[in-house]
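Okay, structure first, notes after.
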Amino acid sequence: MRFFCCNLGCLPLANPVYLKKGEEKRILAGHLWVFSNEIDTGRSPLKEFAPGECVALHTHRNRFLGMAYINPHSLICARIYAYTRRPLDRALLTERISSALKLRTSLYAKPYYRLINSEGDFLPGLVADRYGEILSVQITTAGMEAVKTDLLDVLQNMTGVTGILLQNDNTMRALEQLTAEGEETHGNVPEQWSVYEGEAHFRITHKQSQKTGWFYDQRANRERFKHYVNNQRVLDVCSYAGGWS
């Protein structure tokens with residue numbers, strides 16, 4: 001095994017993956033996905049890579065673009081997780097989750113929010129919603145599946161939650177040739193959860209919920225909506241859990 005040395009010590013040298021000529025433009029603009037038809041399969045035969053394997057992404061002219069994990073079976077063949085040479089390991093997970101947690105606690109007074117938003121937090125394939133002392137987590141890629149044990153441990157240690165619900169029944173997993181595993185609980189996960197948004201209090205049942213349980217991205221809409229319906233009786237025929245939809 002070959003190694004490269006840096007300020008993190010000596011690390012295993014990841015196999016290189018080369019793009020076709022000119023296919024680096026979107027990556028240089030900040031996009032984190034690499035599609036299978038953008039890879040130079042003559043220099044980087046996809047069948048030689050294992051799903052979830054960490055690779056070093058290069059341009060046609062051998063310019064290093066970043067570290068990614070690869071899945072030769074998926075149309076989105078590689079997902080960049082770092083712009084420096086480093087493995088997808090516990091140290092990186094700790095760094096990313098710490099940054100995400102710091103941002104959320106600066107924005108929200110109560111611990112009810114989307115903690116990890118996949119590529120938005122530089123952790124592609126991972127979504128984690130927080131409901132007070134509970135985390136609802138989805139893993140949709142082989143790269144994140146490969147570090148699941150460390151990932152769940154870091155999430156629990158950094159947030160101090162009492163329970164984690166892993167909801168890996170998402171159909172997106174099939175695109176990565178991962179099995180739909182249903183629910184997997186770690187710690188104490190009650191049947192019902194509370195959600196607090198401003199002055200509103202909602203109750204959801206995770207077995208009847210969609211995805212990770214709640215659409216936190218509609219928080220601002222629900223807050224704005226109350227000004228239009230104050231002291232009125234309103235029928236929301238697509239309410240899901242009683243919120244704005």
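For the reader, a short list of remarks on this structure follows.
- When residues of segment 77-103 are limited to those that are small (Gly, Ala, Ser), in contact with a helix residue (DSSP H, G or I) (Cβ under 9 Å, 6 or more places away or on another chain) and surrounded by fewer than 19 Cβ atoms within 10 Å (Cβ to Cβ), the one nearest to Lys25 (Cα to Cα): Ala82
- Ser106 modelled with pLDDT of 95 or more, touching a helix residue (DSSP H, G or I) at 6+ places or on another chain (Cβ under 9 Å), of a type in the set (Gly, Ala, Ser) and surrounded by fewer than 17 Cβ atoms within 10 Å (Cβ to Cβ): no
Condition check ((1) free of Cβ contacts under 8 Å to residues at least 24 places away in the same chain; (2) over 18 Å from Trp214 (Cα atoms)) across all residues:
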| position | (1), (2) |
| --- | --- |
| Ser98 | no, yes |
| Lys102 | yes, yes |
| Asn117 | yes, no |
| Phe122 | no, yes |
| Ile134 | no, no |
| Val137 | no, no |
| Gly143 | no, yes |
| Glu176 | no, yes |
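- Residue in segment 110-133 that is under 24 Å from Trp193 (Cα atoms), assigned to a helix (DSSP H, G or I) and among the small types (Gly, Ala, Ser) present: yes
- Picking from residues in segment 104-115 that are free of Cβ contacts under 8 Å to residues at least 60 places away in the same chain and over 14 Å from the mean Cα position of the chain (by Cα), the one that is nearest to Phe202 (Cα to Cα) is Pro111.
- Ser74 being modelled with pLDDT of 95 or more, part of a loop (DSSP other than H, G, I, E, B) and surrounded by 13 or more Cβ atoms within 10 Å (Cβ to Cβ): no
- Strands (runs of 3 or more DSSP E) wholly inside segment 14-60 containing at least 1 residues that are β-branched (Val, Ile, Thr), out of contact with any Asp or Glu (no Cβ under 9 Å at 6 or more places or on another chain) and not assigned by TED's automatic domain parsing to the domain that holds Leu175: 53-58
- The residue that is surrounded by the fewest Cβ atoms within 10 Å (Cβ to Cβ), counting only those in segment 165-204 that are hydroxyl-bearing (Ser, Thr, Tyr) and not in a loop (DSSP other than H, G, I, E, B), is Thr185.
The values are calculated or read from the model by the stated rules, or taken from the named source; none is laboratory data. Fair warning: this is a prediction, and the values are worked out from it, not measured in the lab. Cβ sites come from the backbone with ideal geometry, for glycine too, and all protein chains shown count toward neighbours.
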